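To start, the structure itself, in structure tokens.
The values are calculated or read from the model by the stated rules, or taken from the named source; none is laboratory data. These figures come from a predicted structure and were not determined experimentally. Cβ: placed from backbone, ideal geometry, glycine included. Neighbour counts: every protein chain shown.
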């Protein structure tokens with residue numbers, strides 16, 4: 001039973017990432033940063049949609065470490081983009 005749910009989670013994530021690549025290529029805006037952001041948002045959506053109601057398996061608890069690392073990378077990307085947008089001289 002756990003293997004079936006794990007396989008469903010992995011297939012949903014792979015499908016989301018493939019759709020992200022195809023969508024970004026069609027929009028001609030495929031960059032590593034944008035792919036990471038779209039994939040990470042998809043990861044969070046798939047994680048929430050496939051979460052069990054009563055019991056949390058061990059393999060799902062380990063995914064929260066991935067969420068933490070993803071949030072750190074996501075924050076870095078957002079801060080870097082904001083600093084690119086700000087005009088020079090705004091920050092000391």
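Scanning the range 31-49 for residues that are over 8 Å from the mean Cα position of the chain (by Cα) and surrounded by 15 or more Cβ atoms within 10 Å (Cβ to Cβ) yields a total of 3. Just to verify a result, which residue in the range 7-30, among those that are in contact (Cβ under 8 Å) with a residue 24 or more places away in the chain and out of contact with any helix residue (DSSP H, G or I) (no Cβ under 6 Å at 6 or more places or on another chain), is surrounded by the fewest Cβ atoms within 10 Å (Cβ to Cβ)? This residue is 8.
Scanning the range 50-67 for residues that are modelled with pLDDT of 90 or more and surrounded by 10 or more Cβ atoms within 10 Å (Cβ to Cβ) yields 66, 67.
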